[in-house]
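Participant: First, the structure itself, so that you have it in front of you.
Laboratory data are not the source of any read-out in this text; all were calculated from the coordinates shown. For clarity, every value in this text was computed on a predicted model and none was experimentally measured. Positions of Cβ are backbone-derived with ideal geometry, glycine not excepted, and every protein chain shown enters the neighbour counts.
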Amino acid sequence: MATPKANRLSAINHIVVLMLENRSFDHMLGYLYADTGNVSPTGQPFEGLTGKESNPGASGAVTVFPIAQGTTSTYFMPGADPGEGYSATNAQLFGSSTAPTPPVAGNNGFVSNFAATLAWEAQQKRSILAGTVASDIMGMHTPQTLPVLSALARGFAVCDHWFGSAPTETLPNRAFTQTGTSQGHMDDATKSFTAPTIYASLSEKGVSWAVYGYNAEPLTRVSYSDLVNAPDANFGKFADFQAAAAHGTLASYVFLEPSWGSSGNSQHPNYDVSLGEQLIHDVYTALRSSPLWNQTLLIVTYDEHGGCYDHVPPPTNAVPPDATAGEYGFDFKRFGPRVPTLLISPLIAAGTVFRVPAGSMALDHTSILRTVETRWGVAALTARDAAAPDVGDALTLATPRTDDPLAGVMPPTSKGKNPAAGEPSHLQQVYAELVSRLPVPDAQGNTGHVMPVLKTEAEVDRYIDERLAAWKASRLPAS
């Protein structure tokens, strides 16, 4: 019997998480090791694409295909925003908006659901890249189109069995990442959560933490009731993160957001994926250049699959987080589709494919919580993160590596035009609604406020900035 490799989690003093938006594992990393028969250089099997995976379409089977390099559509595929809520995810997995009993997924409904979504979005005059068709949902990125993500996945660890915490859209999955539960919610209609966050637990233990937005204060702050009145010093923008990394003053746990606008770097379909490649590059570069690099673990992940194709059926052995009844009758016993997740640290061997043993509960977003809790002796928030595996076993090297898998790798640049640029994004609108609820007294001391009509990306950004500034000013003691 092989001797287990050492777990070096105790050598990690800084865990940094970058959570991007709405891409599936196959869509971003399915072809990662296609050139070596889906086996990593260390001999580990990799659950990637063979090129034969398909979905039924209107005119027959639609097979997966690599997204071409250098075209105007390369970084805007699949060309529109696929369906991503609970019903749409069911349709993609089961071919029906309701899950069968037992919930055995064939993952054969992605093309048909994208066709229905395209028809609806055309009626609603949503932004769709010219020429987009339902079969485009089977287009997959390659190491050539995503050189940064792919180089880091090959150069450190890729988790090929990491799943969304719930088979639905953004806000419930982000809530699992912060609180270990979505409090029963299964769509983005609920925009804020009252469950205790990991940050409150860290504060109780005296462990430092910080949350950074990109070009704005973080949306996370106004999404969770126990963060709204947390100290301002715990929040900042990307430049503040870069400065903390450079000066060796990073908090123990750091959570990073992308920019939420349609012109931003979140990689939400159908925004410019190349901008997210630049963001991943910049986060990694800031950390690798930091004096804290040798004691840092960076986790790059995505909140949910966003309706993008993946061929692996989600497991059905999830532990429900609590006794809360789920919306739509969901029992929280199955995960969402796979999402891309990388583990990056000089204590991780190159070419690692990290997964938990067969039969274990799968890696999901609450594995981030479990890793933080394990490292700093923090109690679990819910039954889900209590049962989740951590990622400490990926950290096997006693001596930090000095090589740089991104040496010579340049982030790509899109040649196309973003069809949605300038439009308010969904998460910008969520953010605007949440800041509109902040108690900002007017000259008469009244806090009643009606959010104005905001028609452009720039108008929403400006409103959020101004509203947050007014709220912060109103909390300052009178001089």
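Participant: When each pair of different Cα atoms in the stretch 377-479 is counted once in the 1/r mean, what is the Kirkwood radius in angstroms, to one decimal?
Facilitator: 19.4
Participant: Going by a ≥ b ≥ c, the root eigenvalues of the Cα gyration tensor, does the stretch 258-326 fall in the rounded group (a/c under 1.5), the prolate group (a/b larger than b/c) or the oblate group? Before the final figure, lay out each step's value.
Facilitator: On the way: a/c = 2.32, a/b = 1.39, b/c = 1.68.
Oblate, since a/c reaches 1.5 and b/c is not below a/b.
Participant: Here's a follow-up. Would you list the P(r) distribution for the stretch 426-475, with all Cα-Cα distances sorted into 5 Å bins from 0 and each bin expressed as a whole %?
Facilitator: 4, 22, 33, 23, 12, 5, 1
Participant: Using every alpha carbon pair in the stretch 1-115, what percent of pairs falls into each 5 Å bin from 0 up to the bin containing the largest distance?
Facilitator: Distribution as computed: 2, 9, 12, 16, 17, 16, 10, 8, 7, 2, 1, 0 percent.
Participant: What residues have an amide H closer than 5 Å to that of residue 47, excluding those fewer than 5 places away on the same chain, when H is modeled at 1.01 Å from N in the peptide plane?
Facilitator: The list, which skips near neighbours in sequence, is empty: none.
Participant: Also, quick follow-up: Helix-only estimate, please: 222 nm mean residue ellipticity of the chain, summing -39500 (n - 2.57) across DSSP H runs of length 4 or more and dividing by its residues, to the nearest 500.
Facilitator: My calculation for the chain gives -8000 deg cm²/dmol from helical runs alone.
Participant: I'd like the FRET efficiency for residue 453 and residue 407, computed as 1/(1 + (r/R0)^6) with the beta carbon distance as r and R0 of 51 Å, rounded to 0.05.
Facilitator: Values: r = 49 Å, r/R0 = 0.96.
It comes to 0.55.
Participant: Further question on the same structure: Apply the Debye scattering formula to the chain, with a single equal point scatterer on each alpha-carbon and no solvent, then give log10 I(q)/I(0) at q = 0.09 Å⁻¹.
Facilitator: -0.57
Participant: Among the lysines in the chain, how many pairs, 8 or more places apart or on different chains, have alpha carbons under 30 Å apart?
Facilitator: Lysine pair count for the chain: 21.
Participant: A further question on this structure: With an 8 Å cut-off on Cα pairs and a minimum separation of 6 or more residues, tell me the relative contact order of the chain in percent.
Facilitator: Relative contact order for the chain comes out at 25 percent.
Participant: Which cross-chain or sequence-distant (5 or more) residues have an amide H under 5 Å from the amide H of residue 57, H modelled 1.01 Å from N in plane?
Facilitator: Excluding prolines and chain starts, which carry no amide H, the hits are 62.
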